[in-house]
1. Kirkwood hydrodynamic radius, the stretch 133-278, all distinct C-alpha pairs: what's the number in Å?
2. So for the pair residue 199, residue 39, with labels modelled 7 Å out along Cα→Cβ, what separation do we get in nm?
3. Highest mean first, how do 83-92, 27-36, 152-161 rank when packing is the count of other Cβ atoms within 10 Å averaged over residues?
4. Tell me, how many Å apart are the Cα centres for the stretch 10-62 and for the stretch 229-280?
5. So what are the three principal axis dimensions of the chain from its Cα atoms, in whole Å, longest to shortest?
6. What distance in nm separates the two pseudo spin-label positions at residue 275 and residue 181, each 7 Å out from Cα along the beta-carbon direction?
7. Once the Cβ-Cβ distance between residue 139 and residue 268 is put in as r, and R0 is 25 Å, what FRET efficiency do you end up with, to the nearest 0.05?
8. What order do you get for 222-232, 64-74 when each peptide is scored by the mean count of other beta carbon atoms within 10 Å, highest first?
């Protein structure tokens, strides 16, 4: 009863405004901020809520098993984890998008998986994170390949906007996949400046990710002068960064030029544009 009168949210799936109003009149006494959506979305919210809770339980238990093997108090660790409401307990990282990358997440996932293996502790959830991340990159490659085009242009190469960091950028792995399958690549990223710092990163990526060596060797030659030049010379545009510059470039592209959006450029998706599709929307 206490939960009923203090709900974290009230979701109503309805197919018409009249039904929304009727149900809202019933639940309005306990929740003034009812969230309305389609019936299918409401059903999926229920599934996702409980799968997410199960995921949290499984994650906490895996951390517990690993901590126990190392004689660390797991509750001390997790009590600290949940004090971070900016990233750990927040909407951050929960919106579907492209694969994770950068200098931290992939390295730490591998480190924990390696530590668990060394301790002979089985952590199937954590140990599968790299696998599911790679599957997401492979899905992006499948979407591009099914278009049957030759020239693929990328808006954004670094692992996230406003950085020149190429380390473990999932876009580079996608580029390597498509290049190995005969696609011609071009790129535009305003963060790329081929100075000594970037050259050092390129050398690092060549060493750390041999599958991307060919892309690294040709990255500078692939670069277009600007977004307009890139969209003019390719058969499909893959967008990796959700920036105003790239939104403008997509809006100004020639009619019918396909777009594969890995970054969710728009909160409200374009209607009636069959040439646009996202990685997970």
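Every number in this text was worked out from the coordinates using simple rules, so none of it is lab data. What you are looking at is a predicted structure, and each value in this text was computed from that prediction instead of being measured. All Cβ positions, glycine included, derive from the backbone under ideal geometry; neighbour counts span all protein chains shown.
1. Evaluated on the stretch 133-278, it is 15.3 Å.
2. Distance between the two pseudo-spin positions: 6.4 nm.
3. 152-161, 27-36, 83-92
4. 31 Å
5. Its Cα atoms span 65, 58, 30 Å along the three principal axes.
6. Taking the two extended label points, one gets 2.2 nm.
7. Between residue 139 and residue 268 the formula returns 0.60.
8. Going by the mean number of other Cβ atoms within 10 Å, highest first, we get 222-232, 64-74.
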